1. Determine the shape class of the range 1-54: with a ≥ b ≥ c the square roots of the Cα gyration tensor eigenvalues, call it rounded for a/c under 1.5, and otherwise prolate if a/b is greater than b/c, oblate otherwise.
2. Mind checking which of Leu50, Phe104, Gln37 is farthest towards the positive end of the chain's charge dipole, using Cβ charges of +1 (Lys, Arg) and -1 (Asp, Glu) about the Cα centre?
3. Would you mind getting me the FRET efficiency between Leu17 and Ser42? Use the beta-carbon distance for r and R0 = 22 Å, nearest 0.05.
4. From the P(r) of the range 3-126, could you give the percentage of C-alpha pairs in the tail past 18 Å?
5. Once you have the Cα-Cα distance between Ile10 and Tyr33, take 0.36 nm times their residue separation minus that, and quote the gain in nm to one decimal.
6. What FRET efficiency, computed as 1/(1 + (r/R0)^6) with R0 = 41 Å and r the Cβ-Cβ distance, is obtained for Ala95 and Lys2, rounded to the nearest 0.05?
7. Report, ordered by chain and residue number, the aspartates and glutamates lying within cross-link reach of Lys28, taken as a straight Cα distance under 17 Å and ignoring same-chain residues fewer than 8 apart.
8. State to the nearest 20 debye the size of the charge dipole of the chain about its Cα centre, where the only charges are +1 on K and R beta carbons and -1 on D and E beta carbons.
Amino acid sequence: MKNVDKILEIEALTENLTKHFAKNNLLKIKVLYFISQYENLSVSMIIEKLGLKKSNFALMTKELENEGFVVSKQGEIDKRCRLMTLTEKGKEELASFMSCLDSFFADGSSEVEKALGTISSYLNKKI
């Protein structure tokens, strides 16, 4: 199996797995996760990490703001820049999802953790 085939298979399998645990919308969970991981990055940088169109991200974050999951604020240094932060409600929603996923992988070995860490580290360097 070629590397490209492996990457596509991993992506499909992980998306199906996470859909299983995402009560509402998988994209919503992804956005919450990336905002939690990159709170000090601008919205445009988060969009780049997620690989979304600006309009799709704007619609999603507007919905998340209306639901009380995130807060948008102006950058302190660059006033044109917008930063996103999770609210307590957003943190609870993400924690609930992560808890479900953690319990699914509770019997995971260190080999699994090492493999996931390697994949994550490699892809973060490439993207």
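Every number in this text was worked out from the coordinates using simple rules, so none of it is lab data. Quantities reported herein were computed from a predicted structural model and do not represent experimental measurements. Neighbour counts run over all protein chains shown; Cβ positions are idealised from the backbone, glycine included.
1. oblate
2. The residue sitting most towards the positive pole is Leu50.
3. FRET efficiency, Leu17 to Ser42: 0.15.
4. 59
5. Here the segment from Ile10 to Tyr33 would lengthen by 6.4 nm.
6. 0.65
7. Within reach: Glu15, Glu39, Glu48, Glu63, Glu65, Glu67, Glu88, Glu92, Glu93.
8. On the way: 19 positive and 18 negative charges, 123 e Å.
Dipole of the chain, to the nearest 20 debye: 580 debye.
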